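First up is the structure itself, then whatever we jot down about it.
No lab work stands behind these numbers, since they all come straight from the coordinates. A quick note: this is a predicted structure, and the numbers were derived from the prediction, not measured. Cβ placement follows ideal geometry from the backbone for every residue including glycine, while neighbour counts extend to all protein chains displayed.
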Amino acid sequence: NAGVTQTPKFQVLKTGQSMTLQCAQDMNHNSMYWYRQDPGMGLRLIYYSASEGTTDKGEVPNGYNVSRLNKREFSLRLESAAPSQTSVYFCASSEDRGPNSPLHFGNGTRLTVT
Amino acid sequence: AQKITQTQPGMFVQEKEAVTLDCTYDTSDPSYGLFWYKQPSSGEMIFLIYQGSYDQQNATEGRYSLNFQKARKSANLVISASQLGDSAMYFCAMRVENAGNMLTFGGGTRLMVKP
C-alpha cells in the first residue's frame, strides 16, 4: 500500500535551473497539496488542488507552478530555482476538503539550490 | 486568521511515563478539525489523531489521546507509556471550514524519550 509517493527524494540545483517534483497517490483522494518545510519550522502550503481540474494558491506560491495531471498525480514545478527555495517539499492528499479529513503525506523531497 | 501555537520547543520524558504536548489554537469559526502529526528524524509526516470541533468526546488512538478543551481553545496530545520510538517532532495542525479548509501547522515540539 504505497499511499503518497514523491520523486525524487533528493535534488541539488544551481540557481536559475528548473525542475519538476512529481507526486502520485493511490488512495483515490480528491484533494492534493504541496507544502514546504524550512529548518525548525512547521509546514507552509504552496499550492493545492481541491479536485481534479482545479488548482489554487496557498500561503507561499511565488516561484512555483503546479499541474493536476489527473486524479492521482499532482506535480510542482520550479521554473527558475533560487537559494530561498532550498527546503524540504511534501506532497499530501486528503479524501476531501472538509475540516475532518486528515492529510496523508509523502516522504518528502529534500531540495538544495546553490 | 487561524493560528496554532505550540509553546514547548523541546521536552524530555522518561521511558514508560506519560507526556502531554501542548497546543492552543485561535479561530472564530465553529467548524474546524484539529490534527496531530509525528515527524521522526527520518523526515516523514505521520498522521496520529484527529478531533472535530463538534465531537463531544476526546479522541483516542492507541497510546495517543487528545485532551480537547474547547472553551480554552486547547488540543493537547497525551502519549501514554512513552517508548524510545516516540522521540520525534510533533506538530499540531488545524483545518477551518470557512477558511478554505487549509491545514495550518504550529511550530512543533521536539520530544525526547530517555531510557
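What tally of residues in region A:26-69 results from selecting those that are hydrophobic (A, V, I, L, M, F, W, C), more than 18 Å from A:P99 (Cβ to Cβ) and touching a residue at least 12 places away in the same chain (Cβ under 8 Å)?
Of the residues in that region, 5 qualify.
Assess whether B:E44 counts as being within 9 Å of another protein chain (Cβ to nearest Cβ) and without any contact (Cβ under 8 Å) to a residue 40 or more places away in the chain.
Spelling it out, B:E44 is indeed within 9 Å of another protein chain (Cβ to nearest Cβ) and without any contact (Cβ under 8 Å) to a residue 40 or more places away in the chain.
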